[in-house]
Amino acid sequence: MDRMSCRSLGIWGLLLVLFVLVSPLSCPAHETLNPNIIKFGVFPYKSPKTIIEMYGPLAAYLEKKLGKKIKISSAADANSFLEKARNDEYDLLLAALPVYYKLRSSGYKAIARGIPTFHGVAIVRKDSEIKTIEQLKGKKVAAIGGFSFAGYYFLLPLLEEKGIDPQKDVDIQFLGKVDSVIYGVVNKKYDAGLFRFDALELPAFTEIREQVRVIVRSSEIPQFPFVVKKGMDESTITAIQKTLSELSPDRPEEQEILKGMQVKKIIVATDADYDLFYEQIKDTDYFGKP
């Protein structure tokens, strides 16, 4: 095997070690109790590779500023992420909104959020005959999942307003990841796809942007909150808030970190900042599940 191949395997091996997907045994007891290690869990709304690209630089920045080791990880899917969070396998999280609301009862609380807001969209191929949401009746639609407002729930009342039963009149299939939804539409496996619109701004989708168009978008949605577990000491919380909120778009290196996360700035936040949006989604099916 040549030197370059070995190097490539080494890099991907390192990423695999850093990005723990499923095993609850990956966090030994000494790490769980070590105050110099912060386990940063990122909700698995994109592929593992994309999440590493988006949040790896932030983890490195936090590590440098806080003087603590930041271990970035995620989970195989939304349910396992929720379970791992409830088992205290994360200290700091970036959580999808419905998942964050569920974690409140376990003592997790919001400490920061990105700005500005974003939108959920329904896209179709540019050459599709579908122009309106009424034309989704009888069609095959790719969605993120029952845990996603931007990638599922926002469309349901819009369909119902048009006399379309989302459960009976549209074939909605959950794919779990933004990447899968986008490529599913582009490759003609699905007639339409639902996800957060700013995903199309990622470098990975530069060429794809010209192949799709939006037929409907949601109202404004708050960015995923940065959340900490119950019991984290206030000095660490304050240090994390300060470090995140001091990221400046005026400093090139930090601008790249913000751009990679698709936000312009990060500001200090509390649970109260998310209460209003909760009123919009609290009656969805997701909150009827454990």
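Read-outs: derived from the displayed coordinates by stated rules, not from any lab. Small disclaimer: the values here were computed from a predicted structure and weren't measured. Every residue, glycine as well, gets a Cβ built from its backbone with ideal geometry; the counts of neighbours run over all protein chains shown.
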Which entries of Lys65/Lys177; Lys71/Lys229; Lys46/Lys168; Lys229/Lys259 show an alpha-carbon separation above 20 angstrom in the structure shown?
Lys65/Lys177; Lys46/Lys168; Lys229/Lys259
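Contact order normalised by length for the stretch 120-217, with contacts defined as Cα pairs under 8 Å and 6 or more residues apart; what percent is it?
Working: 177 pairs, mean separation 46.0, N = 98.
After rounding, I find 47 percent.
Taking 0.36 nm per residue of sequence separation and subtracting the Cα-Cα distance, how much length would be gained by fully extending the chain between Glu207 and Tyr278, in nm to one decimal? Could the numbers behind the result be given before it?
Values: separation 71, 0.36 × 71 = 25.56 nm, distance 3.53 nm.
That works out to 22.0 nm of additional length.
With an 8 Å Cα cut-off and a minimum separation of 6 or more residues, compute the relative contact order for the chain in percent.
Taking the mean separation of contacting Cα pairs over the length of the chain, I get 25 percent.
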What distance in nm separates the simple spin-label points at Lys126 and Glu256, each placed 7 Å from Cα in the Cβ direction?
3.0
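Asp233 to Gln173: FRET efficiency via 1/(1 + (r/R0)^6), r the Cβ-Cβ distance, R0 45 Å, to the nearest 0.05? Before the final figure, lay out the partial values.
Working: r = 44 Å, r/R0 = 0.97.
Computed FRET efficiency for Asp233 and Gln173 comes out at 0.55.
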Separation of the Asn36 and Val214 label points, Cα + 7 Å toward Cβ, nm
4.7
Calculate the length of the line joining the C-alpha centroid of the stretch 214-290 to that of the stretch 106-171, in whole Å.
21
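If you place +1 on the Cβ of every Lys and Arg and -1 on the Cβ of every Asp and Glu, how big does the dipole about the Cα centre of the stretch 120-217 come out, in debye to the nearest 20?
Numbers: 15 positive and 14 negative charges, 27 e Å.
Around 140 debye, computed over the stretch 120-217.
First check a/c for the stretch 131-290, with a ≥ b ≥ c the square roots of the eigenvalues of its C-alpha gyration tensor; if it is under 1.5, answer rounded, and if not, answer prolate when a/b is larger than b/c or oblate otherwise. Display every interim value, and only then the final one.
Numbers: a/c = 2.60, a/b = 1.51, b/c = 1.72.
Since a/c reaches 1.5 but b/c is at least a/b, the shape of the stretch 131-290 is classed as oblate.
Sum -39500 (n - 2.57) across every DSSP H segment of at least 4 residues in the chain, then divide by the residue count to get the 222 nm mean residue ellipticity, nearest 500.
-10000 deg cm²/dmol
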Treating only Lys and Arg (+1) and Asp and Glu (-1) as charged, each at its beta carbon, one finds that the chain has a dipole about its Cα centre, in Debye to the nearest 20, of 480
Output needed: percent of Cα pairs per 5 Å distance bin for the chain, bins running from 0 to the one holding the longest distance.
1, 5, 12, 16, 18, 16, 13, 9, 6, 3, 1, 0, 0
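How much net charge surrounds Asp165 when only the other residues with a Cβ under 15 Å from the Cβ of Asp165 are counted, with Lys and Arg +1 and Asp and Glu -1? The partial results should precede the final answer.
Values: positive: Lys137, Lys139, Lys162, Lys168; negative: Glu134, Glu160, Glu161, Asp169, Asp171, Asp285.
Local charge sum for Asp165: -2.
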What nm distance separates the two modelled labels at Phe287 and Val268, each placed 7 Å from Cα along Cα→Cβ?
2.8
Where does the stretch 48-96 land on Rg/Rh, using Cα atoms and the Kirkwood Rh?
0.98
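In debye, nearest 20: dipole of the stretch 202-288 around its Cα centre with unit charges on the Cβ of K, R (+) and D, E (-)? Show your work: numbers first, answer last.
On the way: 11 positive and 16 negative charges, 42 e Å.
Taking the Cα centre of the stretch 202-288 as origin, the dipole is about 200 debye.
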Debye calc, one equal point scatterer per Cα of the stretch 120-217, no solvent, log10 I(q)/I(0) at q = 0.11, 0.17, 0.22 1/Å comes to -0.26, -0.64, -1.10
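Determine the relative contact order of the stretch 33-97: mean sequence separation of Cα pairs under 8 Å and six or more apart, normalised by residue count, in whole percent.
52
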If I stretch the segment between Glu246 and Ser47 completely, what's the gain in nm (0.36 nm per residue apart, minus their alpha carbon distance), one decimal?
68.8 nm
